[in-house]
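Visitor: Okay, here's the structure, questions in a sec.
Nothing in this text is a laboratory measurement; each read-out follows from the coordinates by a stated rule. All values derive from a computational prediction rather than experimental measurement. Counting neighbours? That spans all protein chains shown, and the Cβs are built from the backbone with ideal geometry, glycine included.
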Amino acid sequence: MNPQDRCTSHRWLAGCGLLFALVLTGCGSKSDGSKNVLVGHYASMTGSEATFGRSTDNGIRLAVEEENAAGGIHGKPIEVITYDDKGEAREAGSAVTRLISRDGVVAVLGEVASGLSLAGAPICQESGVPMVTPSSTNPKVTKTGDKIFRVCFIDPFQGWVGAKFARENEKVQAQKAAILHDQASPYSVGLQEEFEKAFTGLGGTITAKETYTAGDQDFSAQLTTIRSSEPDVVYIPGYYTDVGNIALQARKLGIQLPLLGGDGWDSAKLGQIGGKAINNSFYSNHYSHQDPNPRVQDFIKKYREKFGETPDGLAALGYDAARILFDAMRRAKSLGGDEIAAELAATKDFDGVTGLISIDADRNAVKPAVMLEMKDGESSYVSTIEPPQ
Ligand code: PHE
């Protein structure tokens, strides 16, 4: 329910008696002294990255349900307020401002896309309200300040994972790679740099570097240049809608090479958009639904029961981020920003669906990555790559 709905129901209920209305809604009240503990979530619930926001929100809501069933935080239920930022930086900034100044949330979850987390993080930092991004992997996000945390690995690691896989996997074994990235996305720009550094460091060469901008429809010029540079693999660190379209056009142009990417590919929509064109493609991710670990399978079962679909990596990360935040809130003596942030920073060996999570001195998590292969529209597990010691 968004606050608009909450306020509507409040007005409606006012006729039934003020006490009744307050008990049922808590509309307009700040966390202090109110019945519920308010937590914010800003997310792309619509737009070309809509599955990112929706999956994350589902994961968060499952965690809230469990937390509240177990008694909530200091005896109060948690209430999550989600605002749709439509995948746009300006909307992300105003969503975070609204959550903090109007709703008075004690902490913020989000965003998925690094570029949007970079829009929201400075507002959280300045207001002293802790923010936990489940899934933004660009290193700059947590460098914003001491109130900004993440529960996922960062792109210097993810770029290395992709490069190592490109060099060593038997189906790829690439000596030469071409790169096609989104020049307007901090995630894509950062990840292609890390891939290039690692790939050349492992003895490979880059044959072409081409760019696009999210939402482009025609990639033929870039793909033609890439084709004539004769690579063994094409690295495309973008988000699923663009990647699906790129794959379709690449295959049409006769590029049958393996395509390789990062976590931004993770959506059931990738297979729907790309169809057969996305076969012979691989991407690095935070989680595989085929992981036999009972913790993973138990989560999948609960999620399927509630939402009727198999959770993707974002659902798993949203669930983990929310649980780590609630765990920190439970340990905190008060729900002030400094207290919650101190407990978030103290998170050690939290047994998450996406792995064992410890927050390091830079407020990042160090975790293994998985490599997945796209087969007939579905992702299938290939291998796990541990962080270098
Ligand atoms: N890591 C991506 C980013 O920083 C977001 C993402 C994470 C997308 C996981 C899909 C899955 O922009």
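Visitor: Could you tally the net charge around K301, taking each other residue with its Cβ under 14 Å from the Cβ of K301, Lys/Arg +1 and Asp/Glu -1? Numbers along the way, then the final one.
Guide: On the way: positive: R295, K302, R304, K306; negative: E66, D291, D298, E305, E309.
That sum, taken over residues with Cβ under 14 Å, equals -1.
Visitor: Which chymotrypsin sites (Phe, Trp or Tyr not before Pro) in the range 191-257 sit in a loop by DSSP (not H, G, I, E or B) and have at most 10 other Cβ atoms within 10 Å of their own Cβ?
Guide: none
Visitor: Would you calculate a helix-derived [θ] at 222 nm for the chain, using -39,500 (n - 2.57) for each DSSP H run of n ≥ 4 and dividing by the full residue count, to the nearest 500?
Guide: Result for the chain: -13500 deg cm²/dmol, rounded to the nearest 500.
Visitor: Oh, and also: What does the charge dipole of the range 98-177 about its Cα centre add up to, to the nearest 20 debye, if the Cβ of each Lys and Arg holds +1 and the Cβ of each Asp and Glu holds -1?
Guide: Dipole size: approximately 180 debye.
Visitor: Indicate the gyration tensor shape class of the range 136-219 (rounded, prolate or oblate), computed on the Cα atoms with a ≥ b ≥ c the square roots of the eigenvalues: a/c under 1.5 is rounded; otherwise a/b larger than b/c is prolate and the rest oblate.
Guide: On the way: a/c = 2.49, a/b = 1.34, b/c = 1.86.
Because a/c hits 1.5 or more and a/b fails to exceed b/c, the range 136-219 counts as oblate.
Visitor: Just to be sure I follow the rule: in the range 237-389, considering lysines 8 or more places apart or on different chains, how many pairs have Cα atoms under 20 Å apart? Spell out each step's value before the answer.
Guide: On the way: K252/K269; K252/K276; K252/K375; K269/K375; K276/K375; K333/K348; K348/K367.
Going through the range 237-389 pair by pair, I get 7.
Visitor: Quick one: Debye curve from the C-alpha atoms of the chain, no solvent, what's log10 I(q)/I(0) at q = 0.08, 0.11, 0.12 Å⁻¹?
Guide: -0.41, -0.75, -0.87
Visitor: For the range 169-221, run through the GluC sites (Glu not before Pro) and keep only the ones in DSSP coil with at most 16 other Cβ atoms within 10 Å of their Cβ. Walk me through the numbers before you get to the answer.
Guide: Numbers: sites: E170, E193, E194, E196, E210; in loops: E170.
Here the sparse-neighbourhood loop sites are E170.
Visitor: Under a plain spin-label model, where a point goes 7 Å from the Cα along Cα-to-Cβ, how far apart in nm are R330 and E168?
Guide: For R330 paired with E168, the spin-label model returns 3.7 nm.
Visitor: Shape call for the range 183-224 from the C-alpha gyration tensor, a ≥ b ≥ c root eigenvalues: rounded (a/c under 1.5), prolate (a/b greater than b/c) or oblate? Don't skip to the answer; put the middle values down first.
Guide: Values: a/c = 4.69, a/b = 1.54, b/c = 3.05.
Verdict is oblate for the range 183-224.
Visitor: Another question, if that's okay. Stretched out fully, how many nm does the piece from D218 to K143 gain, at 0.36 nm a residue minus the Cα gap?
Guide: On the way: separation 75, 0.36 × 75 = 27.00 nm, distance 3.54 nm.
Result for the pair: 23.5 nm of gain on full extension.
Visitor: Let me ask something else about it. Given the chain, what percent of its DSSP beta bridges are antiparallel, to the nearest 5?
Guide: On the way: 17 of 47 bridges.
So the antiparallel bridges in the chain amount to around 35 percent.
Visitor: Name the shape class, rounded, prolate or oblate, that the alpha-carbon gyration tensor gives for the range 281-389, where a ≥ b ≥ c are the square roots of its eigenvalues, rounded holds for a/c under 1.5, and otherwise prolate holds if a/b is larger than b/c and oblate otherwise.
Guide: Taking the square roots of the gyration eigenvalues as a ≥ b ≥ c, the range 281-389 is oblate.
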